[in-house]
Ligand code: C2E
Ligand code: CA
Ligand code: CA
């Protein structure tokens, strides 16, 4: 003890540089995009404490040169603050790591207890020893005499805990990010060591800076996700371009988890760890990309993985084991680079298009047919976009077809359902299953409805003028459209413009499972109803049905889906069940329409099951709407 410490060994340059770098970091983060996470706030706090530590370091050395009366108390106080700031950084560093590793609460508690104990013990000891004069002090001649080096003890204690955390839970963070932290911490130790060897003290605060710079770079501004180890979409486009330009072939594997693919959702951390492991373990030089919250794609060069079929089998086997553990819905797509897709750099939409058509919880191997169906998809998409932009209600690419509906009471055809088709220059006729989902996904659906409604109204008007007995024609509307403020107004305007009574038009809506949609639906349906427009509940019996809610909505007609017509044919029990559902609706003043009546037996059964209307191939396939007059009869 009592070794002399010369303030001459200090120069403020180290601290000034730290302050300057802190400002640079703050400027950088405030001018670039960063996720404002909890960790980001921790990071900013650490930068703040770094600045305070540097200032107090400079200050307490500066004060020393100014003291002339031998009263050094103020220096001691500043020095304690200086230590407190540095320890606060170490404490925050631990919080930061714990947060990044997403430790569970029961693991967090001991870690944070130990850290707080170190923090308070060291600080209190520092203060007490300073007061009692057993700590660092300055003698009458102004020569520094260091007591027990409590700062070093505290520093080492924190270090032990940090290293323990980083080793014990190393799997929680993507390996490359981890190496970044290890590397910068090593640099800090080297600096502290060299500074000690040269009897220097100017770079203590600077040594705290490096891990914090690493945080800024690794966590808050790079495109990769530290937990998943995935890079973003832009980076994937770059890599695909690189492979394409170099004519290198690659393999890709796509994992889509629909449960997590929404704003604000994240893949749970244990599943992230599994994905991270999968991404690194099976293919050489593979890179993982995060496309959206629930979608990742792994890309690996073919040349470095000549035995890829083997590897693929292994990864699929392990995948099966993991699936049995996690049981989250998935879609997996596997393929090799395709020149045509690479050229346009469109792997993501290519894969998304396959998602649309593949079954849930299945693995799909890409084939060449997928390229032609993707090209078709693109043409459909472009046409839809163009139809949307032009907003021409007479657009010739949108065809109104229709299916006449048989009215049991009158024994005639006096209603019909309008059904949409697209007719596109290069690909010809496109059916609803190939374009309605795309139109819904991209917000083009409402324009299509407007066009069909306009064409339907025109036809109704023509039939009426020609003296036909038209009860009404129904048009399908997507639930998504109801969210549009202008919806009612648009429908109103189109019917008004065609000068037909509102009662001649009906709207078919499919039940939604969503609570907020239900309220919305209720409001809109009531508004339409008040205008005299009839309402049909479409596809009753497909999946989920909430009877209580259906009763709350003022539908005129319940359309029993074809699946119920089929089910009622399997045995007597099922027929009874469908029949009693139908008679219950009838008693409550709803009319029942059976869809998909294909033959005489279907017809007979449906009539026995309280049908009011029948629709299906038995009567007619969908026909162009202007041929409807073949079915309707003239009013007498
Ligand atoms: P949906 O509303 O349930 O329409 C009935 C579908 O069943 C039609 O298919 C029709 O052709 C088919 N169908 C009719 N009778 C029979 C039968 O006896 N047996 C069988 N197996 N099928 C029969 P389509 O025209 O391909 O339409 C498919 C779906 O596309 C429609 O189902 C509807 O959800 C949607 N869709 C069609 N047009 C429009 C539209 O203008 N707007 C909206 N939003 N959706 C539409
Ligand atoms: Ca329908
Ligand atoms: Ca239907």
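The values are calculated or read from the model by the stated rules, or taken from the named source; none is laboratory data. Predicted model only: the values in this text are computed from it and were never measured. Note that we place each Cβ from the backbone using ideal geometry, even for glycine, and neighbour counts take in every protein chain shown.
Which of the following residues is within 45 Å of the chain's Cα centre (by Cα), modelled with pLDDT under 95, assigned to a helix (DSSP H, G or I) and more than 16 Å from ligand 3 (Cβ to nearest atom): 574, 580?
Only one candidate qualifies: 574.
I'd like to check something: does the stretch 542-553 contain any residue that is more than 13 Å from ligand 2 (Cβ to nearest atom) and modelled with pLDDT of 95 or more?
No: zero hits.
For the stretch 490-567, please list each of the strands (runs of 3 or more DSSP E) lying entirely inside it that holds at least 3 residues being within 16 Å of ligand 3 (Cβ to nearest atom) and more than 15 Å from residue 479 (Cα to Cα).
Output list reads 557-560.
Are there any pairs with C-beta distances below 6 angstrom linking a residue in the stretch 447-475 that is farther than 15 Å from residue 398 by Cα and assigned by TED's automatic domain parsing to the domain that holds residue 409 to a residue that is within 11 Å of ligand 1 (Cβ to nearest atom) and assigned to a strand (DSSP E or B), with the two at least 6 apart or on different chains, and if so which?
473/418; 474/417; 474/508; 474/536
Given the conditions (1) assigned to a loop (DSSP other than H, G, I, E, B); (2) free of Cβ contacts under 8 Å to residues at least 12 places away in the same chain, and given that residue 597 satisfies all but one, which numbered condition is not satisfied?
(2)
Report, by residue number, each residue of the stretch 245-270 that is assigned to a helix (DSSP H, G or I) and touching a helix residue (DSSP H, G or I) at 6+ places or on another chain (Cβ under 9 Å).
The answer is 258, 260, 269, 270.
Exactly one of (1) crowded, with 21+ Cβ neighbours inside 10 Å; (2) closer than 23 Å to residue 104 by Cβ is unmet by residue 268. Its number?
Here residue 268 meets the rest and fails (1).
Among the candidates 362, 292, 318, 337, single out the residue that is exposed (fewer than 13 other Cβ atoms within 10 Å of the Cβ) and assigned by TED's automatic domain parsing to the domain that holds residue 240.
Unique residue meeting the criteria: 362.
May I ask you to list the residues in the stretch 180-226 that are part of a helix (DSSP H, G or I) and touching a residue at least 60 places away in the same chain (Cβ under 8 Å)?
Those that are part of a helix (DSSP H, G or I) and touching a residue at least 60 places away in the same chain (Cβ under 8 Å): 204, 205, 206, 208, 209, 211, 212, 213, 215, 216, 219, 220.
Take the residues in the stretch 422-434 that are touching a strand residue (DSSP E or B) at 6+ places or on another chain (Cβ under 9 Å) and touching a residue at least 40 places away in the same chain (Cβ under 8 Å), then tell me which one is nearest to ligand 3 (Cβ to nearest atom).
434
So the check is Cβ under 7 Å with 6+ separation or different chains; which pairs have a first residue in the stretch 114-127 that's farther than 15 Å from residue 92 by Cβ and in the same structural domain as residue 156 (by TED's automatic domain parsing) and a second one that's at pLDDT below 95 and not in a helix (DSSP H, G or I)?
126/135
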